[in-house]
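**Q** Following this message is one structure expressed as structure tokens.
The values are calculated or read from the model by the stated rules, or taken from the named source; none is laboratory data. Computed from a predicted structure; not experimentally measured. A quick note on method: Cβ atoms are made from the backbone with ideal geometry, for glycine too, and the neighbour counts reach across all protein chains shown.
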Amino acid sequence: MTDPGRPLLFLDVDGPLIPFGGPPPGGYPTYCSPYAATGAAPGGNPLVTRADPASGPRLLGLPCELVWATTWLEDANECLAPWLGLPQLPVVSWPVDEAGDEDAGPDGVHWKTRALVAWAAGRPFAWVDDEITEPDRRWVAAHSPARALLHRVDPQLGLTEADFTALEAWLRAG
């Protein structure tokens, strides 16, 4: 159920939740999970285990409605949400001509930007992604009727304490 009074938090997966960088010192921790006994990755996707399960409760604690904004689409609910302890989240459906097109448009605006503003439909929103640029910020400032935070995450690190602090502050300031 959505609450039109709460801001949205659009979440990308690759980069913010699944970092591209090397493992942390000492390697990735072993988590107790239903998958540990089999040694299999959740949903059969080996990248999922790179996501920190502690991110799930942190995300759920934010005063917002979480929404997947990723090319993983429903796979985010099937593979990643159980690993993070998240419920099934709404998923942004990308326009067919844009989904997966990693290039920015001729104006430098990311292919996700226009779709997210449309999906928000006038609600305040934060967008967490590793590909946000200044053209995206300018476009959203000019076209979103509500306040918006475009928060770029370092894809080598994924979401950090500083990122959670910035999101929490912005969401609570609304």
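**Q** If a residue must be modelled with pLDDT under 95, surrounded by 15 or more Cβ atoms within 10 Å (Cβ to Cβ) and aliphatic (A, V, I, L, M), how many such residues does segment 85-108 contain?
**A** Qualifying residue count for the region: 1.
**Q** Give the number of residues within segment 137-162 that are outside any loop (DSSP other than H, G, I, E, B) and of a type in the set (Asp, Glu).
**A** Adding up the residues that qualify gives 1.
**Q** Would you mind finding the one in Gly22, Gly39 that is at positive phi, in a loop (DSSP other than H, G, I, E, B) and at pLDDT below 80? Walk me through how you get there before you give the answer.
**A** Details: Gly22 fails: at positive phi.
Step by step, each of Gly22, Gly39 is checked, and only Gly39 is at positive phi, in a loop (DSSP other than H, G, I, E, B) and at pLDDT below 80.
**Q** Please tell me if Trp68 is under 19 Å from Pro16 (Cβ atoms), aromatic (Phe, Trp, Tyr), surrounded by 13 or more Cβ atoms within 10 Å (Cβ to Cβ) and in contact with a Leu (Cβ under 7 Å, 6 or more places away or on another chain). Steps first, please.
**A** Values: under 19 Å from Pro16 (Cβ atoms): yes; aromatic (Phe, Trp, Tyr): yes; surrounded by 13 or more Cβ atoms within 10 Å (Cβ to Cβ): yes; in contact with a Leu (Cβ under 7 Å, 6 or more places away or on another chain): yes.
Answer is yes for this residue.
**Q** Does Val140 fit the bill of being at negative phi, touching a residue at least 60 places away in the same chain (Cβ under 8 Å) and surrounded by 14 or more Cβ atoms within 10 Å (Cβ to Cβ)?
**A** It is false that Val140 is at negative phi, touching a residue at least 60 places away in the same chain (Cβ under 8 Å) and surrounded by 14 or more Cβ atoms within 10 Å (Cβ to Cβ).
**Q** Being modelled with pLDDT under 95 and part of a loop (DSSP other than H, G, I, E, B) is the filter here, so list the residues in segment 42-70 that pass it.
**A** Asn45, Ala51, Asp52, Pro53, Ala54
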